[in-house]
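See structure below.
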Amino acid sequence: MELSFAGRRALVTGAGKGIGRSVAVALRAAGAQVIALSRSPEDLESLSRECPGVETLCVDLGDWSATEAALCNIGAVDLLVNNAGVALLQPFLDVTREAFDRSFDVNVRAVVLVSQIVARQMIERGVGGAIVNVSSQASQVALQEHAVYCATKGALDMMTKVMALELGPKKIRVNCVNPTVVMTDMGRANWSDAQKAAPMLNRIPLGRFAEVDDVVHSVLFLLSDKSAMITGACLPVDGGFLVT
Ligand code: NAP
């Protein structure tokens, strides 16, 4: 299925590394104008070299005021991918206020702010659009040391559904993807230990972790007109992990 995003302008958060970077590159290759937002300037510089023509925005999404300022002149955006996220793993009894606040600020609060800014201009322009939030299988299943991360992704799933409910009449579709472990920097940091990974892998009927492209393809499908009747969905990209 060939997808074309010619004539569309897309904003991808967390586009410096991992899934977000690959989504940005794939959208550009499919003809979209792409704004890549991330935190580390060196990642955005290397993305610009890899993918000429991509616009870049460097901001820490955990900072509400800085994010508002960075996005105030963003212009027309038709497609938004809220991908930036942090996974700060701690046993429940050791959860710190700092990790809790940082996780919710980046994984949930920033999604509200960025989506408000983008959705308001979609509504003003009367064009509609599509938003994809990158959630996780951890939104729906308890994982050791993931109390805060699971809670942020559970919140993101419900945020997605309410956004779909309220923005649907404005022709804005909102969905999320819920990947299993993906071997990005985040995935490697948390799942490289073979002993830790084995029980998780054993619960995945397809017997492997996700590749970045598995997630990218699902995100692009949900952004595209091929999913024109899909909104409010949480699409597992988990090799079947959530069926057990
Ligand atoms: P990653 O490799 O760690 O990349 C995350 C990207 O987001 C980085 O470019 C990072 O920039 C950026 N970012 C993080 N915090 C930010 C902030 N406050 N402001 C701006 N940019 C920020 O992560 P990933 O594995 O690609 O994960 C992407 C999304 O997928 C996340 O929402 C994650 O929860 C979700 N997910 C991942 C997995 C997995 O196993 N990898 C599984 C399920 C869901 P810096 O590096 O400069 O901070």
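The values are calculated or read from the model by the stated rules, or taken from the named source; none is laboratory data. Note that this is a predicted model, so its numbers are computed, not measured. Backbone-built Cβ (ideal geometry, glycine too); neighbour counts: all protein chains shown.
Quick notes on this one:
Residues are listed down the side, and each one gets a yes or a no for (1) without any contact (Cβ under 8 Å) to a residue 60 or more places away in the chain; (2) among the acidic types (Asp, Glu); (3) over 24 Å from Asp214 (Cβ atoms); (4) outside any strand (DSSP E or B):
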site	(1), (2), (3), (4)
Val114	no, no, yes, yes
Met159	yes, no, no, yes
Ala164	no, no, no, yes
Val177	no, no, no, no
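- Wholly enclosed helices (runs of 4 or more DSSP H) of the range 185-244 bearing at least 2 residues surrounded by fewer than 13 Cβ atoms within 10 Å (Cβ to Cβ) and either in contact with a Lys or Arg (Cβ under 6 Å, 6 or more places away or on another chain) or touching a residue at least 24 places away in the same chain (Cβ under 8 Å) (or both): 185-191
- Only one of the numbered conditions (1) charged (D, E, K, R); (2) free of Cβ contacts under 8 Å to residues at least 40 places away in the same chain; (3) closer than 18 Å to Ala119 by Cα is violated by Arg8, and that is (2).
- Test: residue in the range 61-79 that is within 14 Å of the ligand (Cβ to nearest atom), closer than 23 Å to Val177 by Cα and either surrounded by 14 or more Cβ atoms within 10 Å (Cβ to Cβ) or not polar (S, T, N, Q) (or both): yes
- Cross-chain or 6+ apart pairs with Cβ under 8 Å, the range 119-148 first and touching a residue at least 60 places away in the same chain (Cβ under 8 Å), then part of a loop (DSSP other than H, G, I, E, B) and of a type outside the set (A, V, I, L, M, F, W, C): Ala130/Asp78; Ala130/Ser224; Val134/Gly14; Val134/Asn83; Val134/Gly85; Gln137/Thr180; Gln137/Asp238
- Flag if Val25 is surrounded by 15 or more Cβ atoms within 10 Å (Cβ to Cβ) and within 16 Å of His217 (Cα to Cα): yes
- The listed residues are Glu42, Glu50, and the only one of them that is at pLDDT 95 or above, loosely packed, with under 13 Cβ neighbours inside 10 Å and within 12 Å of the ligand (Cβ to nearest atom) turns out to be Glu42.
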